[in-house]
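Q: Please see the structure below; I have some questions.
Just so you know, all these numbers are worked out from the coordinates, no wet-lab data involved. Predicted model, so just to flag it, every value in this text is computed and none were measured. All Cβ positions, even for glycine, are placed from backbone atoms using ideal geometry, and neighbour counts span all protein chains on display.
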Amino acid sequence: MTDRPHTVLVVDDDADWRQLLRLCLDDLGYQTLEASNGREALETLSKQPCSVMLLDMRMPEMSGEEVLKRLPEDPPRVVCLTSAPAHEVGRALQSGPHYYLPKGATREQLALLLQSLED
């Protein structure tokens, strides 16, 4: 990792899950931003850059798939971190260079994926 920690935006409507991810990411040395829905995520991205977005696909108001369609011109790397099965995430993964990690993944699997996405 570089001297400055990478910033990860966690987008999920489940506050407990966001907190768990934030604690895990903090422990791994990442700065963390949070959004409880797709609209908040897009608003956050317009104000503060991040290198990776962990995006839930099933959220009220705006789905993860809709967020992917509205990403800014220079988007972060997107990891679809969701309980939705891979076949439901397929369209989203085909819409760009996005990644998939099930919510049941271990801390080590998350750490390895994030390390592989670093510049």
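Q: Among 42-51, 103-112, how do they line up from the highest to the lowest mean number of other beta-carbon atoms within 10 Å?
A: Ranked from most to least packed, the peptides come out as 42-51, 103-112.
Q: Which of rounded, prolate or oblate describes region 1-50 when judged by the alpha-carbon gyration tensor and an a/c cut-off of 1.5?
A: oblate
Q: Then there is this: Once you keep just the Cα pairs under 8 angstrom separated by 6 or more residues, what percentage relative contact order results for region 7-117?
A: 23 percent
Q: Out of residues 5 or more away from MET59 or on other chains, whose amide H comes under 5 Å of its own, with H placed 1.01 Å from N in the peptide plane?
A: Residues meeting the amide H criterion: GLY64.
Q: Next question, about the same structure. Translational diffusion coefficient, Stokes-Einstein: compute it for region 2-103 using the Kirkwood radius over C-alpha pairs as Rh, at 37 °C and 0.692 mPa s, and state it as an integer in µm² s⁻¹.
A: Calculated translational D: 244 µm²/s.
Q: Using only the Cα atoms of region 55-119, build the gyration tensor, take square roots of its eigenvalues as a ≥ b ≥ c, and label the shape rounded, prolate or oblate: rounded if a/c is under 1.5, else prolate if a/b is larger than b/c, else oblate.
A: Oblate, because a/c is 1.5 or more while a/b does not exceed b/c.
Q: Only Lys, Arg, Asp and Glu count, each charged at its Cβ (+1, +1, -1, -1), so figure out the dipole size of region 7-117 about its Cα centre, rounded to 20 debye.
A: So the magnitude is around 240 debye.
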